[in-house]
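These notes concern the structure reproduced below.
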Amino acid sequence: MKPNPAGSSPEACKAVGQTSQHKTQATPVQAPRQKFLVTGGGGYLGFSLGSSLAKSGSSVILLDLRRPQWELSPGTEFIQADVRDEEALLRAFEGVDCVFHVASHGMSGAEKLQKEQIESVNVRGTKLVIDVCVRRQVPRLVYTSTVNVAFGGKPIEQGDEDSVPYFPLEKHMDHYSRTKAIADQLILMANGTPLPGGGTLRTCVLRPPGIYGPEEQRHLPRVASHIKKRLFMFRFGDRRTQMNWVHVRNLVQAHVLAAEALTAAKGYVASGQAYYINDGESVNLFEWMAPLFEKLGYSQPWIQVPTSWVYLTAAVMEQLHLALRPICSVPPLLTRSEVSGLVAVTHTFQIAKARAQLGYAPDKFSFADAVERYVQSTSARARGSTARTLLRLLLRLLLLLGLLALGLHLLGLRPAVV
Ligand SMILES: NC(=O)c1ccc[n+]([C@@H]2O[C@H](COP(=O)([O-])OP(=O)(O)OC[C@H]3O[C@@H](n4cnc5c(N)ncnc54)[C@H](O)[C@@H]3O)[C@@H](O)[C@H]2O)c1
C-alpha cells in the first residue's frame, strides 16, 4: 500500500476547511457529521476526493470494484461493489447525505474499445445510482462528467456551458464520450425528482478535461512508457492547437464546492447545473508535456508527420487490437479519438460559471512537479528491483558454495583453505 497521494493535499483540505468554517459561522449549533459516498472511490480522483472529505471530518464511503492502491485515511470506509449491483447500492446508500458518482469505464487505451462494458457501467450504472439515490432519500448527487460531452473533434475555443451544446450522440467517435454524454443528461434530468417521504433530489455535473497530479495512474505512466520505447519521436497536429488540463486538487476543490452549492445554505445554486472545470489555462499538448521528455532524459518529438497518417495508424492499431483480442492483447498506442481529442483539435473551455456560482478558485500547479514525483517513484522502484536482483544473486552464490562444501565433505575431501 502506498501512502495517500493527493488526499493530504493542503489545497484540497483548504477548500473543505473553508466551506465548513463558513457553515460554522452560519449555524452556531455544530452541524451533524455529514456522510458522503464516492463511487469509483478506489480510483485516482475518487480516492483523492474521499480522503479530502474525510480529513475535514466527514464520514466517507469509497465504493469501487477494485481496492484503492493507497492507504485509507481515517474516516473512510471501503466497500467493494459494482455500481450495477442494486442490492449493494441499496445497502451502501443508507443514510448518505451526498453521492459523488465518479466511477466510469472506457476512458483511455484498450478500455476505450470495450463497448458493452462501457455502456453498462456508464449508462446502466448511472441510472441505478440515480434510482437508488431516490429510493434511499439521498438529497444530493454530483456527477463527474467530461468535456467530451461537448467536444467530438470539432474545434471549441473558450466554450462555455450555454453556448456549446452537447455533441450529437450518433456522431461521437468513441463509446466512452457517447455514454458519458448520456449519463451527464440523465443526471441533469433527475434534478428536482421528489424523494419519498419529502424533499427533492438536487443534482449537478462537473466536466473536467484530462486530470494530472502526483501518482496519477492513467495518462502519465502510459505516455512515459511510450516515450521510453521511443514511440514518441513524432509530433503531429498544429502547434497552435490548445487544450486544458486540471490538477486533481483543483478538481477535488470543485467537487466539494459543488456538493455545498446543492444545499439550502447556498440557495441550491448548482441545482440542475453543469460546470466546466479546469486549471484556468490553455496549453499545447506537446509543449505541456516537455518536462516529461526532459526529466526522462529523452529528446522532444522532432519529426513532424501529418495528422492523417497518425489517425490512419491509430485506426489500424484499433482493428489489430480487436482482431487479436481472442489470442493476445496488443493495446493500441493511441486510439482515433485520442489523436483528435488530445492533440489535433483545439478544445478549450471557460470556468467563469464555476468561479461565479461555486466560488471555484483554481490553485496554480505545475505538470513538472507531477513528473518529478513520477520519476522519483519509478527510479526508487528501479533501485529496489536492482537491490533485489543483487540479493537474489548473492543468495544463489551462497547456496552454490554451500552445496559445493557439502559435496566435498561427503567425498571426504577438505577445501585447502579450511
Ligand atoms: N482521468 C481523466 O483524465 C479524466 C478526464 C475527464 C473526465 N474524467 C472522469 O473522471 C472520473 C474519474 O477518473 P479517474 O481518472 O479517477 O479514473 P480511474 O480509472 O482512476 O477511476 C475510476 C474508478 O471507477 C471504478 N469503476 C469502474 N467501473 C466500476 C463499476 N462497475 N463499479 C464500481 N466502480 C467502478 C474503477 O475501478 C476505478 O477505480 C471518471 O468519471 C472519468 O470519466 C477523467
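The values are calculated or read from the model by the stated rules, or taken from the named source; none is laboratory data. This one's a predicted model, so the numbers in the text were calculated from it and none came from an experiment. Note that each Cβ is placed from the backbone with ideal geometry, even for glycine, and that neighbours are counted across all protein chains shown. For the accessible areas, the whole protein counts, side chains as well, though only heavy atoms, and no ligand, DNA or RNA atoms are used. Shrake-Rupley method; radii C 1.70, N 1.55, O 1.52, S 1.80 Å.
Observations
- Of all residues in region 323-381, those satisfying the criterion of being open to solvent by less than 50 Å² (accessible area, probe 1.4 Å), more than 25 Å from residue 214 (Cβ to Cβ), of a type outside the set (Gly, Ala, Ser) and part of a helix (DSSP H, G or I) are 339, 353.
- Scanning region 116-158 for residues that are of a type in the set (Lys, Arg) and closer than 21 Å to residue 38 by Cβ yields 124, 127, 135, 136, 140.
- Among residues that are within 10 Å of the ligand (Cβ to nearest atom), in contact with a Phe, Trp or Tyr (Cβ under 8 Å, 6 or more places away or on another chain) and open to solvent by 20 Å² or more (accessible area, probe 1.4 Å), residue 207 is not included.
- Qualifying residue in region 81-99 (condition: within 30 Å of residue 223 (Cα to Cα) and among the aromatic types (Phe, Trp, Tyr)): no
- Region 161-199, residues that are exposed (fewer than 15 other Cβ atoms within 10 Å of the Cβ) and either within 20 Å of residue 275 (Cα to Cα) or touching a Ser or Thr at 6+ places or on another chain (Cβ under 9 Å) (or both): 162, 163, 165, 166, 168, 169, 189, 192, 194
- Selection status of residue 65, more than 11 Å from the ligand (Cβ to nearest atom) and open to solvent by 30 Å² or more (accessible area, probe 1.4 Å): no
- Odd one out for residue 345, checked against (1) more than 24 Å from residue 254 (Cα to Cα); (2) within 21 Å of the chain's Cα centre (by Cα): (2)
- For first residues located in region 185-206 and in contact (Cβ under 8 Å) with a residue 24 or more places away in the chain, partners that are among the acidic types (Asp, Glu) and surrounded by 15 or more Cβ atoms within 10 Å (Cβ to Cβ) and lie 6+ apart or on another chain with Cβ distances below 6 Å form the pairs 205/184.
- Residue within region 272-294 that is surrounded by fewer than 19 Cβ atoms within 10 Å (Cβ to Cβ), among the hydrophobic types (A, V, I, L, M, F, W, C) and out of contact with any helix residue (DSSP H, G or I) (no Cβ under 9 Å at 6 or more places or on another chain) present: no
- Residue count for region 68-85 satisfying the condition of being open to solvent by 50 Å² or more (accessible area, probe 1.4 Å) and within 12 Å of the ligand (Cβ to nearest atom): 4.
- Checking residue 201 against (1) within 16 Å of the ligand (Cβ to nearest atom); (2) more than 21 Å from residue 52 (Cα to Cα), the condition it does not meet: (1)
- Note on region 110-124: residues that are out of contact with any Leu (no Cβ under 9 Å at 6 or more places or on another chain) and either among the small types (Gly, Ala, Ser) or away from the ligand (no atom under 15 Å from the Cβ) (or both) amount to 2.
- All positions within region 211-233 that are within 11 Å of the ligand (Cβ to nearest atom) and out of contact with any Ser or Thr (no Cβ under 9 Å at 6 or more places or on another chain): 211, 212, 216, 217, 220
- Qualifying residue in region 42-55 (condition: over 25 Å from residue 136 (Cα atoms), open to solvent by less than 50 Å² (accessible area, probe 1.4 Å) and away from the ligand (no atom under 11 Å from the Cβ)): no
- For region 162-184, the set of residues classified as within 26 Å of residue 262 (Cα to Cα), away from the ligand (no atom under 15 Å from the Cβ) and not β-branched (Val, Ile, Thr) consists of 162, 163, 165, 166, listed by residue number.
- Members of region 135-161 that are part of a helix (DSSP H, G or I) and away from the ligand (no atom under 11 Å from the Cβ): 135
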